[in-house]
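Each value in this text was obtained by applying a stated rule to the coordinates, not by laboratory testing. Computed from a predicted model, the values in this text were never measured in an experiment. Here the Cβ positions follow ideal geometry from the backbone for every residue, glycine too, while neighbour counts run over all protein chains shown.
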Amino acid sequence: MRAASPKDRLDNARLVKLSLLSRYVKLNALLAIVAAVLGLWALQLLFSYLNELDSLDDSYTLSAALKYIFYRSPYFLEQFIPTGALLGAVVGLGLLANKSELVVMRAAGVSIYRIVGWVLQPALLFVLLALAINQFILPQSNQLAREINDNDSRALITSVRGYWTVQPRVKNNADGGVQPDGNDILYIDYADIEGNIGEVKRWHLDNKGSLQTATRAEGGRYSQRVSFNSDNNTESTQYRYEWQLNNMTELAIGQGFESSQATATSDTLSLPFAPASVYLLTRDAEDLSLTQLYDHRQFMRGQGKRSLTHELAFWQKLLSPLSILSLVIVACSFVFGSLRTYSLGLRIVVALLFGLLFSYVQDLVGFVSLATGFSPMLMVLLPIIGSAALGFYLIKRQM
């Protein structure tokens, strides 16, 4: 067996030292990011608790407020992961720079890009954490929180929620044919994946657009799927899905001020799509997982429609890993250089300000996309590309 040459021994020794340095930098970055994320998360929970104290009353007790904050805590954690990763990377590398360890590494021939790569690796753990929270936790936790404390229901000006649609109505003629009978405006407040629906309201307008009846049901449950042939074509089978509504109240509006009110124990609601689709249509975009947002997007495409709000949320969640990594790159660029020029404390403040600016720019481009109809994917990518480009530019200046 041939003995290792001096060059091979030097290369092996160099690899061992690089491995030790890699683990050391990664551990420092990981601990700093964990501390920053948990610290920001704890502050947000404290502020949320203080905010909920002002809303306490006989129906909304302290225990309910604590449950609400508990269910909202995954959302707060997911929101602060990018800023926490930025702040943690600055602190972790800044502590190494304070002890001149980064200077020694660079003097030993370790490139800045290699050190940045070491810092990005623990940040990938938080990328996976954010994706897991979005996919598996937020849809359930946000809904549970909304059931305890629905802020929209107490607001003077509320946002449009639930599912709204207009359904043409027809009636049978004496000769067996059909003729238009105005339209129904249908509203469904809530639906779950099991086929239960919440409050249902239906307004019937005649062919002239005059309101004829207003119906309200407290809730309902999915009952069956009904097949029928379209346009008398036996080979073209379509389906409608029926829900059994309960506790119905109907207000019939006649000429002038005449009106009458009647109640019924049950009625049938028929829709052209399945309970899973109704569930997607009644949920807010932020309450849906990444895969549910994709299903919603495909469903809307099949209907020939588009929901910019859900598309924007889809791309924001899908590209959130790139947001975290771009902020970590910017954080690294803040640290390299002489600490005698700018102190670590100042760099931390600048990093926090940059994180807030990045968040505001993301919100701004989202509003621009909703207002103009411009591509949500491109608008979400713009701040990420700009942040990463700025980080690489500042790092290159330090080389």
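For Leu56 and Gln261, the difference between the fully extended length at 0.36 nm per residue and the C-alpha to C-alpha distance is 70.1 nm. The mean sequence distance of close C-alpha pairs (under 8 Å, at least 6 residues apart), as a share of the length of the chain, puts its relative contact order at 16 percent. Net charge of the neighbourhood of Pro122, taken over other residues with C-beta under 13 Å away and scored Lys/Arg +1, Asp/Glu -1, is +2.
With respect to the chain, whose longest principal axis is taken over its alpha-carbon atoms, helix 6-53 is tilted by about 40°.
Among the trypsin sites (Lys or Arg not before Pro) in the stretch 82-153, those placed in a DSSP loop whose Cβ has at most 13 other Cβ atoms within 10 Å are Lys99. Label sites at Thr249 and Asn98, each approximated as a point 7 angstrom past Cα along Cα to Cβ, lie 6.4 nm apart. Cα centroids of the stretch 321-399 and the stretch 24-85: 23 Å apart.
Relative to the longest principal axis of the Cα atoms of the chain, the long axis of helix 290-302 makes an angle of roughly 40 degrees. As a calculated quantity, the FRET efficiency between Lys201 and Thr372 at R0 = 35 Å, using C-beta atoms, amounts to about 0.60. Each peptide in 116-126, 186-196 gets a packing score, the mean of other Cβ atoms within 10 Å over its residues, and the list from highest to lowest is 116-126, 186-196. Compared with the dominant principal axis of the Cα atoms in the chain, helix 112-132 is inclined by about 30°. Dividing the summed helix terms, -39500 (n - 2.57) for each DSSP H run of n ≥ 4, by the number of residues in the chain produces a 222 nm estimate of -19500 deg cm²/dmol to the nearest 500. For the peptides 83-90, 385-392, 371-378, 39-46, residues were scored by their other Cβ atoms within 10 Å and the scores averaged per peptide; the highest-first order is 83-90, 385-392, 39-46, 371-378. The reciprocal of the average 1/r between distinct C-alpha atoms defines the Kirkwood hydrodynamic radius, which for the stretch 292-399 equals 15.5 Å.
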